[in-house]
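Trainee: Mind looking over this structure? Questions follow.
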Amino acid sequence: MNHHHTAGEVQFMTSRRQRAPRFDGLRVLCYKERTHRALEALRDLYPDSIPFWPKGWCISDVTTRVTFEKHLSTTARKPPVDRETYILKPSESSQGSGIFLAQSHSDLPDTFINSKRKKWIAQLYVDPPLLLENFKFDLRLYVLVLSVDPLRVYLSQEAMVRLCSEPYKRP
């Protein structure tokens, strides 16, 4: 087995904790900021290619932070039923840590306001979300793409479904 990893090679499991093989370089997609920027670049090149990607901001500096906060001020002037809701997520966080919803500047917690160095992603909250018997959920599917042209994809028989414990309530 080759233990020297180069871009594009498959890395095989090296410990019991590792759940699946990984490709070198794909870890960058685990950071929300980098994924956001990559999908925005794709949208710029092919405007109709990713209709599932909601409008959003990558808040990584003072300028984008001020622009987003001004946008929140604008939406806060609307009647509550017409306000846009945004979901904000720390870029390098996981498992739902630090996520919150905001419709106005007053909804922004201190963890956002006082975090000058932390990068955030703010996206238009999809309402209503896809629900399963009135519960939010997500799916983790494990896919191996062997080739793009011709397309060869393998989908693992194992997957994970996570369900919310409380019925969905509109923000």
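Values in this text are rule-based calculations from the coordinates and carry no lab data. Note that the structure is a prediction, hence the values are computed from the model and not measured. Every residue, glycine among them, receives a Cβ derived from its backbone with ideal geometry; neighbour counts consider all protein chains shown.
Trainee: Which order do the peptides 151-161, 95-105, 127-137 come out in when sorted by mean C-beta neighbours inside 10 angstrom, highest first?
Mentor: Highest mean packing first, the order is 95-105, 127-137, 151-161.
Trainee: Here's something else I'd like to know. Do any of K70/K169; K32/K169; K70/K119; K70/K136 go past 20 Å between their Cα atoms, and which?
Mentor: Cα-Cα > 20 Å for K70/K169; K32/K169; K70/K136; rest within.
Trainee: Oh, and also: Starting from 0.36 nm per residue, how many nanometres of slack lie between L132 and V145 once their C-alpha separation is accounted for? Don't skip to the answer; put the middle values down first.
Mentor: Details: separation 13, 0.36 × 13 = 4.68 nm, distance 2.84 nm.
Gain on extension, L132 to V145, equals 1.8 nm.
Trainee: Excluding K169 itself, what net charge comes from residues whose Cβ is under 15 Å from its Cβ, given Lys and Arg +1 and Asp and Glu -1?
Mentor: Details: positive: K136, R170; negative: D127, E133, E166.
My count for the surroundings of K169 gives -1.
Trainee: Going toward the positive end of the dipole of region 66-171, with +1 on Lys and Arg Cβ and -1 on Asp and Glu Cβ, which of L131, V148, T85 do you reach last?
Mentor: T85
Trainee: Simple spin-label model, 7 Å along Cα-to-Cβ: L108 to A159 in nm?
Mentor: 3.8
Trainee: To the nearest 0.05, how large is the calculated FRET efficiency for R77 and Y31 if R₀ is 30 Å and r is the Cβ-Cβ distance?
Mentor: Efficiency computed from Cβ-Cβ geometry: 0.35.
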